[in-house]
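The values are calculated or read from the model by the stated rules, or taken from the named source; none is laboratory data. None of the values given here were measured: they were computed from a predicted structure. Cβ placement follows ideal geometry from the backbone for every residue including glycine, while neighbour counts extend to all protein chains displayed. Note: accessible area is taken over every heavy atom of the protein model, side chains too, but ligands, DNA and RNA are not part of it. Shrake-Rupley method; radii C 1.70, N 1.55, O 1.52, S 1.80 Å.
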Amino acid sequence: MKISEEKLREFSRPYYADKDIMHNMWHIDLVRRWVDKLIADYGYDVDYNALLPALYFHGFIYSDQKIIEKWLAENGLNDLEIQKIVKIAWESQRPEIPETLEGKLLHDAHVLEGGKAYTVVKTLITGSVRGQTLEQTLDFMKNNVIDKNKCYLPETIKLCYEMNDYTDKFYDELIKGIL
C-alpha cells in the first residue's frame with residue numbers, strides 16, 4: 001500500500017522542526033534528490049512505496065519507532081509492509097552493510113547528500129549550531145568524519161572515496177593555515 005507524500009510530510013514535519021539546519025526537512029528533500037538521482041542514473045528497481053517512508057522516518061526512527069509503526073498501521077499498512085519500512089529506515093543509520101537494496105540506496109544517498117564538498121559544510125555548520133569551537137569541530141571532523149563514511153552500492157563507492165578524499169584534503173589545508 002502507498003502512503004501519499006503529503007501525509008508523510010505532514011506526519012514527519014514536527015519531528016524535524018527543532019533539528020538544526022543540516023538535519024531538518026530540507027535535509028529530507030536533499031537526501032530524496034540523491035535517492036532519486038541514484039535510481040535514475042543506475043536504473044535500480046526498488047520498492048519506492050517502502051523507500052519513501054523510510055526516507056522520511058530515518059531521522060527519528062531511533063527515538064519514535066513505536067509511534068511510526070502505529071501511524072503506518074493506522075494508514076492501512078500491514079505488518080510486513082511496516083517492518084520493511086522500519087528495516088530500511090534503520091539500515092540508513094547503521095554502520096553495518098545494509099541488507100536491502102532500498103537500505104543501501106537510502107544509506108548511500110544520506111552519505112553523499114549534497115556532493116563531495118557538502119560533508120565539510122555540514123560538519124562545520126553542525127558544529128557551530130551545537131556550540132562547538134572551531135577546534136572542537138575540527139577534532140570531531142578528524143576523529144568521526146574523515147575516512148569514516150562508506151557507501152555500499154558499486155556505483156557510489158567511487159563517489160564516496162572522492163568525498164572522503166576531498167574532506168581529508170580540505171582538513172589538511174585548513175589545519176596548515178590555522179596552526
Of all residues in region 135-163, which are part of a helix (DSSP H, G or I) and touching a residue at least 40 places away in the same chain (Cβ under 8 Å)?
E155, T156, L159, C160, E162, M163
Taking region 125-148 and keeping residues surrounded by 18 or more Cβ atoms within 10 Å (Cβ to Cβ) and not β-branched (V, I, T) leaves G127, L138, M141
Log entry, pairs with first residue in region 76-88 being open to solvent by 10 Å² or more (accessible area, probe 1.4 Å), second being hydroxyl-bearing (S, T, Y), beta carbons closer than 7 Å, six or more apart or on different chains, reads K87/T100
Working carefully through the options K70, K87, K66, K104, find the one that is closer than 30 Å to Y166 by Cα and either among the charged types (D, E, K, R) or touching a Cys at 6+ places or on another chain (Cβ under 6 Å) (or both).
K104
Top-ranked residue in region 50-75 [being acidic (D, E) and open to solvent by less than 50 Å² (accessible area, probe 1.4 Å); ranked as farthest from H23 (Cα to Cα)]
E69
Odd one out for Y161, checked against (1) open to solvent by less than 70 Å² (accessible area, probe 1.4 Å); (2) within 30 Å of I39 (Cβ to Cβ):
(1)
Do we have E91 as closer than 24 Å to D41 by Cβ, out of contact with any Pro (no Cβ under 7 Å at 6 or more places or on another chain), free of Cβ contacts under 8 Å to residues at least 60 places away in the same chain and not hydrophobic (A, V, I, L, M, F, W, C) here?
no
Please state which one of Y161, Y171, Y152 is modelled with pLDDT of 90 or more, among the hydroxyl-bearing types (S, T, Y) and more than 20 Å from the chain's Cα centre (by Cα).
Y171
What are the residues in region 164-175 that are among the charged types (D, E, K, R) and either over 15 Å from A117 (Cα atoms) or exposed (fewer than 13 other Cβ atoms within 10 Å of the Cβ) (or both), if any?
K169, D172, E173
Any residue that is farther than 30 Å from N164 by Cα and over 16 Å from the mean Cα position of the chain (by Cα) - is there at least one of those in region 24-41?
no
One residue is enough: does region 5-14 have a residue meeting the conditions under 13 Å from the mean Cα position of the chain (by Cα), over 14 Å from L106 (Cα atoms) and free of Cβ contacts under 8 Å to residues at least 40 places away in the same chain?
no
Just one listed residue, out of I97, I61, is in contact (Cβ under 8 Å) with a residue 24 or more places away in the chain, closer than 21 Å to D36 by Cβ and within 15 Å of the chain's Cα centre (by Cα), and it is I61
